[in-house]
Amino acid sequence: MSEARQLERPPSLTDSVVMHIRDAIIHGEYAPGQRLPEATLAQSLGTSRGTIREAMRMLEDLGLVSRTAHRGPFVTILTKQKAFEIYTLRALLETYAARMAAEAGKFDAAALAGLERRLDVLAETGRTGSVIAMVEADMKFHMAISALAGHQMLLEHLADIQTQNRRLLAYSDLYQPDLAFVIQRHQHLLTILRRGDPDEIEREIHEHIYEVGLEIVERLMFDVPEGATGGDGSGAPNPVDGQPAPDRSEAGAQ
C-alpha cells in the first residue's frame with residue numbers, strides 16, 4: 001500500500017490575522033510607531049480580542065510589532081540602525097546558504113534552469129506589475145538560491161529577515177528601479193552561479209545584497225530614534241491611531 005498523503009490543514013484564524021496585519025505593515029498601511037488597538041482591529045477584522053492578542057505576540061516574534069509596559073502593541077519603529085542590521089544579516093545568511101549549495105554541487109543544470117525561469121518572471125513583473133510585485137519576484141529569486149542549501153533552520157530565519165526587508169519598501173525612496181539594470185545584475189549573478197566557484201559566489205552574493213542595503217539605509221524617508229514619540233505619543237510622525245498611513249506603494253527597496 002502506498003504511503004498515505006499528509007492532510008493539508010488550512011491556516012488557523014490566528015494565522016490568517018497575522019498574515020493580514022503583516023501584509024498591511026509591509027505595504028506601509030500602518031506607519032512605524034502606530035498603535036494597533038486590539039478592540040479596533042477585532043471589530044474591523046470580525047474576530048475576538050483574544051485572537052488579535054495572540055496575533056500580536058506572533059508579529060512581535062517577527063519583529064514587526066513592539067510593546068512596552070504602559071501601552072498596547074504598536075508597529076515597530078524603523079531606524080537606520082535597524083535597517084542596517086536587517087540587510088547585513090540578510091547578506092550573511094544568503095551568502096552562507098549560497099556557499100553551502102555551491103560546495104554541495106547544487107547549482108546543476110536543473111537548478112540553473114529554475115533560476116532562469118524565476119528571472120523571466122522578475123523581468124515580466126517589472127514590465128507589467130507594481131514595484132512591490134517586482135520586489136516579491138526578486139525575493140523569491142533569492143530565496144530559491146538559498147533553498148538549494150537544504151538548511152531548513154537557516155531558511156526559516158531568512159524568511160523572517162526577508163519579511164522585515166519588505167517593510168523597507170514603504171519607507172525608502174530608492175526602489176524606482178531601472179528594469180534593464182536589475183535584470184543585467186541578476187543575469188551576472190547567474191553567470192557566477194554557473195561557474196560554481198564557492199569563493200566567487202560568496203563574494204558576488206554578499207556584494208549584491210550588502211551594497212544595495214547600504215544605499216537603502218541612507219535613503220530611508222525618515223529615521224525616528226527608538227523611544228521617540230510623535231505628537232500623539234505613538235512614536236511615529238503623527239499617524240492617526242487605527243487609520244492607514246499614506247499610500248507609499250510606489251516607494252521601496254530591493
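The values are calculated or read from the model by the stated rules, or taken from the named source; none is laboratory data. Computed from a prediction, not measured in an experiment: that's the story for all the values here. We place every Cβ from the backbone using ideal geometry, glycine too, and count neighbours over all the protein chains shown.
Overview of values
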| item | result |
| --- | --- |
| Odd one out for Leu78 among (1) modelled with pLDDT of 90 or more; (2) in contact with a helix residue (DSSP H, G or I) (Cβ under 6 Å, 6 or more places away or on another chain) | (1) |
| Any chance Ala102 is in contact with a Ser or Thr (Cβ under 8 Å, 6 or more places away or on another chain) and either in a helix (DSSP H, G or I) or hydroxyl-bearing (Ser, Thr, Tyr) (or both) | no |
| Residue check for Tyr96: more than 15 Å from Ile25 (Cα to Cα) and within 15 Å of the chain's Cα centre (by Cα) | no |
| Residue satisfying condition, being within 26 Å of Arg195 (Cβ to Cβ) and in contact (Cβ under 8 Å) with a residue 60 or more places away in the chain, within set Thr163, Thr95, Thr79 | Thr95 |
| From the options Val135, Val131, residue that is crowded, with 21+ Cβ neighbours inside 10 Å, closer than 21 Å to Leu64 by Cβ, at pLDDT below 90 and under 21 Å from the mean Cα position of the chain (by Cα) | Val135 |
| Qualifying residue in the stretch 84-91 (condition: more than 30 Å from Ala144 (Cβ to Cβ) and hydroxyl-bearing (Ser, Thr, Tyr)) | no |
